[in-house]
């Protein structure tokens, strides 16, 4: 189950962060997402570690915490997407697929002429779309 | 690579893994030592560390080496057991608490920037008490039976010389069952090296006895193993040892001074010597010997191929053994234990190669035996040995990880060991700059125990900071985690410390949720410690948290208020963010010579006022001689730029307050902060400027001394006589923005500076905000400042002495009105001051709406004076269009004192929609000694005009008579609820006579909402018929009015010529037409109506409401200069069998021009083609004349039938190509017409068949005679034209 997704801007400022849990753990998830930026930075700054693919946007598993797995995705404009999930075995293909959809939704949201680049994404459509993507996550693997 | 021994771990290992000496002593020994405040062990401790012992060591190999560093650990026999966990916990807590107390000092210091602190090495960065804590933590797992390095190597038996039978005591000491369990239960060899020490107290003065006992001992235990130690040589105990060797071992500094106070330098030397001797001559050789023996044993049993096979086979057989957590029990003489002891002894003597080979040997065995704890212990030691050898790094790490996980696997027994192992592992990684891995290890150690995990997490956080490049976010996260753990075990001070350092990461980032939480926690903790200033500082950061949920905002605010209340004083905060001051909404309204009657007047653009006042205010050239002179005299150059205001008159400042939260907040005591300086010297101004500059720096957050003074002065002298301030109080609901008007009223002359605003939040927090922040914005908002003034100038006012000021007010000004409604209003002007004003003038922006009446005397009904004959117009007449809106009050109207001036005004809602009516009143001051000679009062009222009745007129010629015009009036009621009663219709002017076409059979001309009504009138121009005498007569008759309403038949008609209606009509004419002198034949209509009310009681009231509609410039004539009427019979009976029918017609032509015309009448016989072409032509020319008139009911029917007939007829006829009738006589007749004259032309027509004929197949060509004395220039209109014939229907019937 995905517990949190986030879009983080170039200046590492949160553009969109949404948790999908009932529990009141927003602060914790914020911290986790915030921390994972360190790992993103590390991967970006040490490209030799990040693997053979030069233009790979998918950053893979950023770091496993006690209960969560954090995946990252970096767009060409240095916008980061972070996914926090409680599933312990997640197929990379699923995650890639998720990020691809998420990225598309993000691109649509920021293409809105009323969106101010670098500001938080407040679009309801975007939120709805993201929650749909989140809901459908992992369905592909089971079905 | 740094030498492993010099790393933190290396140092730690050389200190921790050292031979243990078990100490057995009698109580008298302890007593002797306690004189110095020391226990026996403590007395020895400082001297048990050797940096340069320089002892040759030869272990298994034949190659000796020299040992430099050495350390002995002394423990009482009673302490050699597994430490009590509870006690250990308490000890740990004590360490932390003490460390926390020490750290308090730097709470208030500024936050060190983490990024700056990167250059500091680890030892500086992380607190020193980590070492102590880690040591204590590691100690909890000591004296375990699976490790041999904690097992005593030697035993020191100490007996005091005061003891009775000391020799027996020695024996007793070792034989009692007080011995530690390890020795008794066979874990280690009970035959340890024994050393005997006799302690003698020199204060007892019995050295002889001591030496006697020593010799006795020597004879009993052997001479080399017995020693004598004499202490307490000093009698007075006042030795102040400069560098007390014990002080560093004791945490309590106050006691440290008395430590060892009875020990002389000789005593200390003696102790030193004793331990050196013990180490070098006994312990180390003993260990060497043991290593050699054990090595030999191990080699014989385990080394070599045969032994290994045997061992493997033997182990295999034990596989069925139960899988107990501790594995099988190994006694000291088992080969496994011996190998372990061998390895540990070798490790302690720094022979790491030997140690490693033994550890490897045994590790395999333990694994096969499933003795997991022992296996883990060996793995741990292997890892450390690898590290000390600086061999394979991977091996070392692997071993440590293996050990760690194996300890965890063992369960509760391995818990403490796993922690120690983890600590070593982390140190090992740190020593190799693998900080990230170390951090993860620290994270793994953090167990359920909050205190321990807090420290571990904090250590992990430092690891992230030390990384290259540092991971600040992880650092922050781990510090927050650690802070939370600290809080759980009530270590608030530590929690604050960690959070504070974490804050440096989150500060300035946009991760507001995290940042707010950090600030909030810090605030709470500081408050719990009673450090309210720091707490408030943090709470302030989170007050304006828009992004948080409502509940959180409430919590934050509540806590903050509570906090402030706890401090017991009102808090003063610069730049308080609650509420937010919207500087963009800041507006300053002040009155110099321009004064405003109402806020609405302030909102009107300055340019509009200026255009209104243009011709009222004295011209600059005339004013220059004295006005500017005065100004230069009174105002220094500098002040000319500043705004002027008058003492006693309020300066209003509109300030926008925005509540960023979702919860309501209450604001009170809102007032401006002002500074007043009495003198107007330029030096003072400079000072002011500098003050302003200071203020702007204050706005940045530093509380300036001067300003606090200023504020305190403000508060101190509430009744400060130089100015008074207004106070406002309001509450803002969530997200609301409110614009509040604050005023400051200067009392005395001088210079007034508006500095900022202050307010009180929830009754306990005072916020200040300076206006000096963003000036580029508010200059745009303040339209009334002409020049670009410097920011400080904008808020600076030159206060001049009190001047008279007119106050104006219009009573009962309606906000809504129906279109056309007339209102009577009263303008009241007041002058509160004692100085009179004169030369008053008034100008109105919309004279179409407002007319100035006469001086108001008493109340009278609004419409009453409109009734004909009652109206008496005042002497003020409208002279010209330009001056229409300018009204000069009579010379004698001087206002002063209590007596107000009342003046009546008439309002007519002339145009639909919203409109702002502006009035400005100019007045001059009698007192000319001031800067201002005149002032202007600006008034503005907003009016919304609703649609009432829409009236339109259609005018057409009467086809029968030339002098008459038919008028169709269409009235539509556009209101939703109001019904109107039409009272009268008047044609303005004397030359018109208006009569109703139909008799009035509609009983009441009331128009209900949505209803439309048409009325027909006949309008006759009587001008030409009348002589001058007749005119006078007719004037009395007033035939130009038609009364339409029948209600109360006695109602009089309203006069539209000389009453007020005429004035409005004049305005309407001006606005509706291009010029006043329109066409002489244009007619203006005035429709007067009233709201309809059936109840007669309200007759009078309703009577006072009156509506007028003015429709001007309704043209009566066509553009063509000629009018004509065809006259002839309509129906003719003729017997066509006899002959064709000849009909005589008569055409009357009228020339309405002032010039002579010649008219040609061209007739032509109609053909099928010509009908269409002519008809299209005719519509083109005479369209204006005929529009909309065809729907006259009678004509309509006829035409329709005729069309049908005509078309049928044409169809019948056209194939035959015979025209239905022909004109007889000449086809062209010419007539000359004089100016305004009429001529008659006879025409004849011949018919051949019965039918209905449209006799319109003729044209009138007119030609202007230019030959007259009129110059051609005056004739702007065309000099010739063509008019097509108008339809004239003739029915010819077959007579029988």
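The values are calculated or read from the model by the stated rules, or taken from the named source; none is laboratory data. Nothing here was measured: the structure is a model prediction, and the numbers come from that model. Don't worry about glycine lacking a Cβ; one is built from the backbone with ideal geometry, like all the others, and counts go over all protein chains shown.
For residue B:487, the stated conditions do not hold, so it cannot be described as in contact (Cβ under 8 Å) with a residue 24 or more places away in the chain and touching a strand residue (DSSP E or B) at 6+ places or on another chain (Cβ under 7 Å).
Of B:423, B:465, B:451, which residue is part of a helix (DSSP H, G or I), within 12 Å of chain A (Cβ to nearest Cβ) and in contact (Cβ under 8 Å) with a residue 60 or more places away in the chain?
B:465
Filtered by the rule that a residue be closer than 19 Å to residue A:74 by Cα, out of contact with any strand residue (DSSP E or B) (no Cβ under 8 Å at 6 or more places or on another chain) and more than 7 Å from chain B (Cβ to nearest Cβ), segment A:26-41 gives a lone residue, A:41.
Scanning segment B:436-448 for residues that are buried (at least 23 other Cβ atoms within 10 Å of the Cβ) and within 13 Å of another protein chain (Cβ to nearest Cβ), which turns out nearest to residue B:484 (Cα to Cα)? Result: B:446.
Quick one: residue A:45 ticks every box in (1) farther than 24 Å from residue B:478 by Cβ; (2) within 14 Å of another protein chain (Cβ to nearest Cβ) except a single one, so which number is it? It is condition (1) that residue A:45 fails.
Between B:1151, B:1144, the distinction of being touching a strand residue (DSSP E or B) at 6+ places or on another chain (Cβ under 8 Å) and surrounded by 19 or more Cβ atoms within 10 Å (Cβ to Cβ) belongs to B:1151 only. Scanning segment B:463-480 for residues that are surrounded by fewer than 24 Cβ atoms within 10 Å (Cβ to Cβ) and over 13 Å from residue B:505 (Cβ atoms) yields B:466, B:467, B:468, B:469. Across segment B:15-46, the number of residues qualifying as part of a helix (DSSP H, G or I) and either out of contact with any helix residue (DSSP H, G or I) (no Cβ under 7 Å at 6 or more places or on another chain) or touching a residue at least 60 places away in the same chain (Cβ under 8 Å) (or both) comes to 16. Before we move on, is residue B:558 assigned to a loop (DSSP other than H, G, I, E, B) and either more than 14 Å from chain A (Cβ to nearest Cβ) or surrounded by 19 or more Cβ atoms within 10 Å (Cβ to Cβ) (or both)? Considered against the rule, which asks whether it is assigned to a loop (DSSP other than H, G, I, E, B) and either more than 14 Å from chain A (Cβ to nearest Cβ) or surrounded by 19 or more Cβ atoms within 10 Å (Cβ to Cβ) (or both), residue B:558 comes out as no.
Beta carbons closer than 7 Å, at least 6 apart along the sequence or on distinct chains, pair a first residue in segment B:58-83 that is under 30 Å from residue B:30 (Cβ atoms) with a second that is in a helix (DSSP H, G or I) and modelled with pLDDT under 75 for B:80/B:182; B:81/B:181. Only one residue in B:536, B:542 is surrounded by 24 or more Cβ atoms within 10 Å (Cβ to Cβ), more than 24 Å from residue B:427 (Cβ to Cβ), modelled with pLDDT under 85 and more than 13 Å from every other protein chain (Cβ to nearest Cβ), so which one is that? Step by step, each of B:536, B:542 is checked, and only B:542 is surrounded by 24 or more Cβ atoms within 10 Å (Cβ to Cβ), more than 24 Å from residue B:427 (Cβ to Cβ), modelled with pLDDT under 85 and more than 13 Å from every other protein chain (Cβ to nearest Cβ).
Say whether the condition of being at pLDDT 85 or above, within 11 Å of another protein chain (Cβ to nearest Cβ) and more than 17 Å from residue A:87 (Cβ to Cβ) is met by at least one residue in segment A:15-25. Within segment A:15-25 (the criterion being at pLDDT 85 or above, within 11 Å of another protein chain (Cβ to nearest Cβ) and more than 17 Å from residue A:87 (Cβ to Cβ)), the answer is yes, since at least one residue qualifies. Scanning segment B:468-509 for residues that are more than 14 Å from every other protein chain (Cβ to nearest Cβ) and not in a helix (DSSP H, G or I) yields B:489, B:490, B:491. Annotation: residue B:1250 fulfils all but one of (1) loosely packed, with under 15 Cβ neighbours inside 10 Å; (2) at pLDDT 80 or above; the unmet one is (1). Residue count for segment B:1122-1141, restricted to those that are surrounded by fewer than 12 Cβ atoms within 10 Å (Cβ to Cβ) and part of a strand (DSSP E or B): 1.
In this structure, does residue B:517 turn out to be within 13 Å of chain A (Cβ to nearest Cβ), at pLDDT 85 or above and surrounded by fewer than 23 Cβ atoms within 10 Å (Cβ to Cβ)? So residue B:517 fits the description; yes.
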